[in-house]
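Note sheet for the following structure.
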Amino acid sequence: MQLVANPLILAESQRPFVEFIPTPQDVVVEMLKAAQVTKEDIVYDLGCGDGRFVITAAKMFGARGVGIDIDSTLISKCRVNAEKAGVAERVNFLTQDLYETDISEATVVTIYLLPELNLLLRPKLLKELKPNTRVVSHAFDMGDWLPDRQGVVKNARFYMAPDLFFEQDATFYLWVIPAKAAGTWCWEVPSIISKEPYRLHLTQKYQILKGYLTMQNRRLPIKDIKLSGNHLHFTSPAYLKGRKVTVDYRGTIEGNVINGMIEVKEGPLSKTYPWRAFRIRENP
Ligand SMILES: C[S@@+](CC[C@H](N)C(=O)[O-])C[C@H]1O[C@@H](n2cnc3c(N)ncnc32)[C@H](O)[C@@H]1O
């Protein structure tokens with residue numbers, strides 16, 4: 001669906017303005033399901049309109065929520081809607097500019113803005129949100145920050161008035177805020193495997209990682225590398241007792257430490273070992 005930017009407001013704020021057009025309710029539900037919202041979550045809807053994302057997150061999924069809108073009349077309606085839905089205790093609505101709001105406590109962020117507004121918001125999302133926070137956008141993507149997944153709701157009903165709607169497939173996009181994984185990581189392995197420490201060298205663009213391992217002067221390729229939030233997984237070949245085997249690495253990144261497990265898949269040393277790696281440099 002095309003949302004129309006208002007050029008008058010663009011002149012004042014230097015940003016295109018997106019008017020209130022509600023996300024169809026079945027799309028709201030699918031987006032919250034895709035984000036796996038639970039009662040542990042704090043859902044922020046940036047440009048919350050009538051409050052439907054936050055109210056649905058509280059009513060159906062038991063979450064807490066905060067809705068932000070620049071239009072104080074809409075915020076008053078949100079509060080009335082939350083009372084009617086019986087979730088006023090779990091939600092909060094604020095008249096604020098979404099680009100100025102502190103969003104750091106959110107664990108899920110929902111948006112329905114415009115492509116260029118998503119791009120303006122992108123640095124704030126990546127800077128302020130914690131790793132593992134899910135961002136779900138109705139209709140518009142984030143440019144070269146590719147989504148972790150996307151979904152389509154067939155024949156969603158877009159209401160223009162209570163009795164006037166049109167049906168159209170609605171697309172949504174979901175991203176998981178990635179941990180900072182770039183750099184050089186180092187760890188020791190049991191001496192039966194190697195007396196030398198291993199190093200992992202990673203470059204990162206959003207959630208996309210590239211890199212390799214080194215051990216002594218040997219460079220080992222890594223495969224199937226995936227970062228989802230702070231969960232890191234990859235495999236690499238290793239040469240144990242003269243035999244080439246596959247080693248599976250899984251861990252979670254907390255600051256400059258990775259904690260997880262290394263699984264040697266084949267051969268006489270096949271077993272799962274603890275994995276604790278330390279970032280020793282910011283660059284690879
Ligand atoms: C397309 S509507 C989406 C409403 C709701 N999120 C939904 O999906 O049903 C966009 C909303 O963003 C609000 N908005 C636009 N610019 C904003 C800004 N800078 N700060 C806060 N809200 C804004 C508008 O008032 C409008 O209610």
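Here are the numbers for this structure:
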{"quantity": "Computed label-point distance, nm, for sites TYR239 and PHE165 using a 7 Å Cα→Cβ extension", "calculated": "6.5 nm"}
{"quantity": "Pairs of Cα atoms farther than 27 Å apart, the chain, %", "calculated": "49 percent"}
{"quantity": "Kirkwood Rh (inverse of mean 1/r, distinct Cα pairs), the stretch 113-160, angstrom", "calculated": "12.4 Å"}
{"quantity": "Count of Lys pairs (Cα-Cα under 15 Å; at least 8 positions apart or interchain) in the stretch 188-247", "calculated": "5"}
{"quantity": "Sparse-neighbourhood loop sites, GluC sites (Glu not before Pro) in the stretch 54-102 - DSSP loop, at most 10 other Cβ within 10 angstrom", "calculated": "GLU100"}
{"quantity": "Relative contact order for the chain, counting Cα pairs under 8 Å that sit 6 or more residues apart, in percent", "calculated": "12 percent"}
{"quantity": "Euclidean distance between Cα centres, the stretch 170-217 to the stretch 101-167, Å", "calculated": "29 Å"}
{"quantity": "Surrounding net charge for ARG157, when Lys and Arg each add one and Asp and Glu each subtract one, Cβ distance under 9 Å", "calculated": "-2"}
{"quantity": "Virtual spin-label span in nm between GLN25 and ASN283, 7 Å along Cα→Cβ", "calculated": "5.6 nm"}
{"quantity": "Share of pairwise Cα separations in the stretch 183-281, more than 20 Å, in percent", "calculated": "29 percent"}
{"quantity": "Whole-percent carbon and sulfur share, accessible surface of the chain, 1.4 Å", "calculated": "52 percent"}
{"quantity": "Within the chain, helix-based [θ] at 222 nm, where runs of 4 or more DSSP H residues each add -39,500 (n - 2.57), nearest 500", "calculated": "-6000 deg cm²/dmol"}
{"quantity": "Using alpha-carbon coordinates, inclination of helix 115-128 to the longest axis of the chain, degrees", "calculated": "50 degrees"}
{"quantity": "Per residue accessible area of the chain, 1.4 Å probe, in Å²", "calculated": "51 Å²"}
{"quantity": "Between 0 and 90°, nearest 10: helix 52-61 axis offset from the chain longest Cα axis", "calculated": "60 degrees"}
{"quantity": "Efficiency of FRET between VAL80 and THR38 - r from beta-carbon atoms, R0 35 angstrom, step 0.05", "calculated": "0.85"}
{"quantity": "Computed log₁₀ I(q)/I(0) - Debye formula, equal Cα scatterers, no solvent, the stretch 7-176, q 0.08, 0.14, 0.16, 0.18 Å⁻¹", "calculated": "-0.21, -0.69, -0.93, -1.20"}
{"quantity": "Relative counts (whole %) of C-alpha pair distances in the stretch 102-254, using bins that are 5 Å wide", "calculated": "2, 8, 14, 17, 13, 11, 10, 8, 6, 5, 3, 2, 1, 1, 0"}
{"quantity": "Dipole of the chain, positive end: most advanced residue of LEU240, LEU117, ASN132 [Cβ charges, Cα centre]", "calculated": "LEU240"}
{"quantity": "Relative contact order, percent, the stretch 113-228 [alpha-carbon distance under 8 Å, six or more residues apart]", "calculated": "20 percent"}
{"quantity": "Pairwise Lys count, the stretch 7-176 - Cα closer than 18 Å, eight or more residues apart or different chains", "calculated": "6"}
{"quantity": "Loop GluC sites (Glu not before Pro), the stretch 115-205 (other Cβ atoms within 10 Å of the site Cβ: 16 or fewer; DSSP)", "calculated": "GLU188"}
{"quantity": "Area of LYS180 that stays accessible when all protein chains are in place (1.4 Å probe, Å², to 10)", "calculated": "100 Å²"}
{"quantity": "Spin-label proximity, LEU269 to the stretch 168-210 - amide N less than 16 Å from point 7 Å beyond Cα toward beta carbon", "calculated": "187-199"}
{"quantity": "Folded to 0 to 90 degrees: helix 72-85 orientation relative to the chain principal axis, Cα", "calculated": "80 degrees"}
{"quantity": "Solvent exposure, largest accessible area first (probe 1.4 Å, DNA, RNA and ligands not counted), of SER228, SER72", "calculated": "SER72, SER228"}
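The values are calculated or read from the model by the stated rules, or taken from the named source; none is laboratory data. Values in this document were obtained by computation on a predicted structure and should not be read as measured data. Using ideal geometry, Cβ is built from the backbone for each residue, glycine included, and neighbour counts are taken over all protein chains shown. For the accessible areas, the whole protein counts, side chains as well, though only heavy atoms, and no ligand, DNA or RNA atoms are used. Shrake-Rupley method; radii C 1.70, N 1.55, O 1.52, S 1.80 Å.
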